[in-house]
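Read-outs: derived from the displayed coordinates by stated rules, not from any lab. In this text the structure is predicted, and so the values were computed from the model without any measurement. As a convention, Cβ positions derive from the backbone with ideal geometry for all residues, glycine included, and neighbour counts pool all protein chains shown.
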Amino acid sequence: MLPRVDPLALPALHASHVGIWIADASGRVQRVGRGEAIAAVAATPHLLLNAPLTGDRLGYPELSGLDLLELFAFLHPAHFAVPTPTGIAATLNLTPPAREDDVAAFLPHVAAAMLGRLDDPDWAEREGAWHGLQALGRQRWPWASLLQPRLDPPGQADRWLFARLPEWEEQPPRPQPRQVTVNPDDVTARLDRLTGDGAERRVGQQDYARAAAAIFAPRARKDAPQMLVAEAGTGIGKTLGYLAPAKQWIDQAAGAVCISTFTKALQRQLARETEKLYSDAVTHREKVVVRKGRENYLCLLNLEDALQGGFSGRAAILAQLVARWAAYSRDGDMVGGDLPGWLPALFRRNGTTALTDRRGECIYAGCPHFRKCFIERSARAATQADIIIANHALVMVQAARPRPNSQEGGGAPATRLIFDEGHHLWDAADSMFAAALTGQEAVEIRRWVLGPEGKSRGRRRGLAARLADVASYDEAGERAIQAAIAAAGELPGEGWLGRIAENAPWGAIEGLLVAVRAMVYARSIDTRTADAGYGLETELADPDPELVAAAAGASDAIEALLRPLMALGKRLDALVEDPPDWLDGQARARIDGARGSLGTRIDTLGGWLSLLGRVGGPADPDFVDWLAVDRYDGREFDLGLHRHWLDPARPVAEIVYAQAQGVLVTSATLRGGSHGQVGWADADIRTGARHIDGGVQHFAVPSPFDYARQSEVLIVTDIARGDLPALAGAYSRLIEASGGGALGLFSAIRRLRIVHARIADRLARAGLPLYAQHVDPLDTGTLVDIFRAEPHASLLGTDALRDGVDVPGDSLRLAIMEGVPWPRPTILHAARRAAQGGSAYDDGVIRARIGQAFGRLIRRADDFGQFVMLSPSFPSRLLSAFPEGTPIRRLPLDEAVNHVAAANVERRQSAYPAFPPP
């Protein structure tokens, strides 16, 4: 516990939907208006908690001051705190404020408690703090003047960040796993140990674990893995159910298992679950590695650039705080790792994207920090790990585009693949195996070849800079590089979108985009509805002559770039096969990296040529092709041609599954939430199992929850679709009746924002905080953390919350869906609907979405809650989306509100509410 200290004698400001309060330097609090508050903070720096969120409440987005979250990030890098008064109080072991009007007076106590840490001899993050603070002082960080008198310089010089980070070491290749057969009885015994002595034995979980053991049997023939498609209802405990046979096989075969899931939040959850396999923290860190794409990790070279003047203003302060974090981070993961999700949001436009490798410009062994690189360390650790926790997109990328002669395969040693949240495989594959020739994509290719242009800061890391040694040694390689640079100059550059809109293209690709835009606007239908911001599109069928001519010119331009890149790839291959004297280990690693990055761009350009060949030519029945103008709030931001697989699960089977010895695809809703009545056909389509030539096994076990007692579905019949005032009123009344704890789900961002704007103040006055995606300046993970920590808070969101929220207990007791989540009527959806059963295909998609949303509500045996669907004509055929036995009632809003209010009363009196009769 922190020692009790007097509050800091500084003014503080707190703003919410209820009101605005200022505490003066003596702690006296008064309620003020927006204008008075803005004038006060403009004149004198005030203590704040989350300046961007406070600024939103004031209607003053550029609000600045002494943000306590920035101070926390400096004092406790790589630690998380829920960024609310209650969350900060819990972290610092302080008594939280009881009311909103107490918060302003509470903030000086928080500041004093944090500053007291500087005198604590047990402060774990002291190293590097003094030098970091001097740098922050030079950047005029508001906290610097308060911290500098309290922080003495170290007795001996602190090590510079880049000297403190450990170096990774090369490891010998992992041997192939032994061929063994896992005994189901051994799996059951291990599961008993994992669940703990005295724990109730769950028959469903045991059956599931024994079934999952089948994927660890030796493979019968090449390209036909042992495959199990398994549906495990919510609450079965499927994670431990597949970890038990996985660990048994790892111990017997000395092999590696790759577990893939859909979101970064679920990767974190899986990592926590695997702690039960390796109780020792050091062993767990060695045996379990979380892997993500390169763009998720801090790039040390980009950070060095930022610290040495590449960033200015608020961005420079962010860079210094990130440097503090990097010294204490577990793995350098900036997205979903131990960097607090709220930290980048504090800096609004000055985000962290420039500190990661998002454009494939890595110079690998040419980087002075290569041996300390977080990305390389994670990749090499994964080759030695027993369990690699990845995401669907990364697994597909690495299967489709492995880096040659590199250890960065991540999941490469794993011969067994487990796809958790397998119902998302279809969507992940749809993105991974698609092609898009758009203005933004072309700009990225140009930047990759030429490097940053115009006013862009930082080193020029174009192709010539990354391969300068190759160019100086190999004349043919130099010619290929220069030819690629010349050809890339014909791709769209700065200002391309304006030139397209003005019909003044520069170059063949921009000429193509002008023709695409004209054809889209000529043929598509702009509904001018609330959702029109999604953009416009039209089929790539019967193209007009202008588009055909433009496609021919664009093909020539792309081929002009593709040829030298392919020639360069051959020269790099030749260097590796017959290495010159200067090609040492680091240079070879850099060239291997360039080969992998080059192969990705060659694949992209090849896909573009294939797509352009479709213009004026015959359609390919395996693909769906269309033209689109992408818009946000009616404003264009990209346009071009698109190609998607009609069945995106097919390349998953042919590319990903075929490389594995065993595959498990599992989820709670693989069969579309229809109680298994439709069999496994839909599951096999969406997982790609139907493309496996061999014996695919199926297994299903229902949820153990007592849905008849723990849940209730209320279908509200008198809220007309499109009536936004009525929709907002319904949300407000239902959330008030439940006393908060509500998750509101929307299919359109615009409607979410309108509802939030109408009801946030009203709910706040009732003591019920309301947070929202796409409104509050907080990342989704932080919003969920706040929602989980505050039982009276409610949260509005879209698809990411429908599928990725795990909030057991009282914090989530009411789920509200604005209506039936009909699929968007896109060209792609229409093609798949026609190919896969018409309305039955739609129903399967809708049932799966509703089932996932309902699944957020009941997460453990002592949960209870209500699911409200605001739909006057909810089709009866979709009721099978809900678990069998769930009470379902159709009723008007007034009665639904009474049901929710009655359940809220009962909730306080017993473990389960006695839902009132209809």
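What number, rounded to the nearest 500 deg cm²/dmol, is the helix-based mean residue ellipticity at 222 nm of the chain, given -39500 (n - 2.57) per DSSP H run of at least four residues and division by all its residues?
Numbers: 36 runs with 393 residues, N = 918.
Computed mean residue ellipticity for the chain: -13000 deg cm²/dmol.
Arranged from highest to lowest average of other beta-carbon atoms within 10 Å per residue, in what order do the peptides 550-558, 381-389 appear? Before the final figure, lay out each step's value.
On the way: 550-558: 20.3, 381-389: 23.8.
Order by mean packing, descending: 381-389, 550-558.
Determine, from the Cβ-Cβ distance of Glu636 and Arg178 and an R0 of 60 Å, the FRET efficiency 1/(1 + (r/R0)^6), rounded to the nearest 0.05.
For R0 = 60 Å, the calculated efficiency reads 0.55.
Taking other Cβ within 10 Å of each residue's Cβ, how do Phe162, Phe623, Phe419 sort, fewest first?
On the way: Phe162 16, Phe623 19, Phe419 27.
The order, fewest Cβ neighbours first, is Phe162, Phe623, Phe419.
Between the stretch 608-650 and the stretch 270-311, what is the separation of their alpha carbon centroids in Å?
36
What does DSSP give for the chain in terms of the percent of beta bridges that are antiparallel, rounded to the nearest 5?
Antiparallel: roughly 35 percent of the beta bridges in the chain.
Please rank Leu512, Leu463, fewest neighbouring Cβ atoms within 10 Å first, as an exposure proxy. Please report the intermediate quantities before stating the final value.
Details: Leu512 31, Leu463 27.
Listing Leu512, Leu463 from fewest to most nearby Cβ atoms yields Leu463, Leu512.
Apply the a/c threshold of 1.5 to the C-alpha gyration tensor of the stretch 619-774 and tell me whether it is rounded, prolate or oblate.
oblate
Arranged by the count of other C-beta atoms within 10 angstrom, fewest first, what order do Lys570, Lys222, Lys372, Lys247 take? Display every interim value, and only then the final one.
Details: Lys570 12, Lys222 7, Lys372 20, Lys247 24.
Ordered by Cβ neighbours within 10 Å, fewest first: Lys222, Lys570, Lys372, Lys247.
Quick one: grab the alpha carbon gyration tensor of the stretch 177-291, order the square roots of its eigenvalues as a ≥ b ≥ c, and give me rounded if a/c is under 1.5, else prolate or oblate depending on whether a/b is larger than b/c. Don't jump to the answer; show the numbers that get you there.
On the way: a/c = 1.32, a/b = 1.13, b/c = 1.17.
Rounded.
Give the cross-link partners of Lys570 among the aspartates and glutamates, using a straight C-alpha distance below 15 Å as the criterion and excluding same-chain residues fewer than 8 apart.
Asp474, Glu475, Glu478, Asp578, Asp592, Asp603
For the residue pair Asp718 and Asp706, what label-to-label distance in nm results when each label sits 7 Å from Cα along the Cα-to-beta-carbon direction?
Taking the simple label geometry, Asp718 and Asp706 are separated by 3.4 nm.
What FRET efficiency comes out for Phe162 versus His774 if R0 is 41 angstrom and r is the Cβ-Cβ distance? Round to the nearest 0.05.
For Phe162 and His774, the calculated efficiency is 0.60.
Net charge within 12 Å of Tyr707 by Cβ-Cβ distance, Lys/Arg positive one each and Asp/Glu negative one each, not counting Tyr707 itself? Before the final figure, lay out the partial values.
Values: positive: Arg709; negative: Asp706, Glu712, Asp863, Glu884.
Within the 12 Å Cβ shell, the charges total -3.
Full-extension gain between Ala800 and Leu146, please, as 0.36 nm times their residue separation minus the C-alpha to C-alpha distance. Let's see the in-between values first.
Numbers: separation 654, 0.36 × 654 = 235.44 nm, distance 4.02 nm.
Computed gain between Ala800 and Leu146 is 231.4 nm.
Which longest run of the chain has no exposed loop site in it, a site being GluC sites (Glu not before Pro) in a DSSP loop with at most 15 other beta carbons within 10 Å, and the site itself not part of the run? It would help to have the intermediate numbers written out before the result.
On the way: sites that count: Glu62, Glu127, Glu167, Glu169, Glu170, Glu200, Glu453, Glu494, Glu502, Glu884.
With GluC sites (Glu not before Pro) excluded where exposed in loops, the chain gives 503-883 as its longest stretch.
Does the chain come out rounded, prolate or oblate by the C-alpha gyration tensor, with a ≥ b ≥ c the root eigenvalues, rounded set by a/c under 1.5 and, if not, prolate when a/b is larger than b/c and oblate if not?
On the way: a/c = 1.28, a/b = 1.10, b/c = 1.17.
Because its axes are fairly even, with a/c under 1.5, the chain counts as rounded.
Could you name the lysines whose alpha carbon sits less than 18 Å from that of Lys372, not counting residues in the same chain fewer than 8 places away?
Here the lysines satisfying the reach criterion relative to Lys372 are Lys292.
Straight-line reach from Lys238: which lysines have a Cα under 20 Å away, not including same-chain ones fewer than 8 places off?
Counting by Cα, and skipping residues close in sequence, Lys238 has these lysines nearby: Lys247, Lys264, Lys276.
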